[in-house]
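One structure is given here, and the rest of the page talks about it.
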Amino acid sequence: MPVVRVTMWKGRTKEQKAKLAEAITRAMVEIAGTEPEHVHIIFEDVEREDWAIAGRLCD
């Protein structure tokens, strides 16, 4: 059972996440050789103010 975690800034639509889920599942099936029903995808939305790159907040 592969579990794929996608962490990104908050703001993507439900439709965008649905397309990502389809594409990620397809890639896992084609490349990792698993079945679609075994692929679990967890989206984690993070506020920009809670994210830092190179020691600087991204707000």
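Data overview
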quantity: 222 nm mean residue ellipticity, helices alone, for the chain (DSSP H n ≥ 4; -39,500 (n - 2.57); rounded to 500); calculated: -7500 deg cm²/dmol
quantity: Of all DSSP beta bridges in the chain, antiparallel share, percent nearest 5; calculated: 20 percent
quantity: Under 17 Å from the ASP50 label point (7 Å along Cα→beta-carbon), backbone N, the stretch 13-39; calculated: 13
quantity: Dimensions (Å) - the stretch 3-57, Cα atoms, principal axes, largest first; calculated: 40, 24, 13
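Throughout, read-outs are computed from the coordinates displayed, never taken from laboratory work. These numbers were taken from a predicted model, which means no experiment stands behind them. Cβ coordinates were reconstructed from backbone atoms using ideal geometry, including for glycine residues, and neighbour counts include every protein chain displayed.
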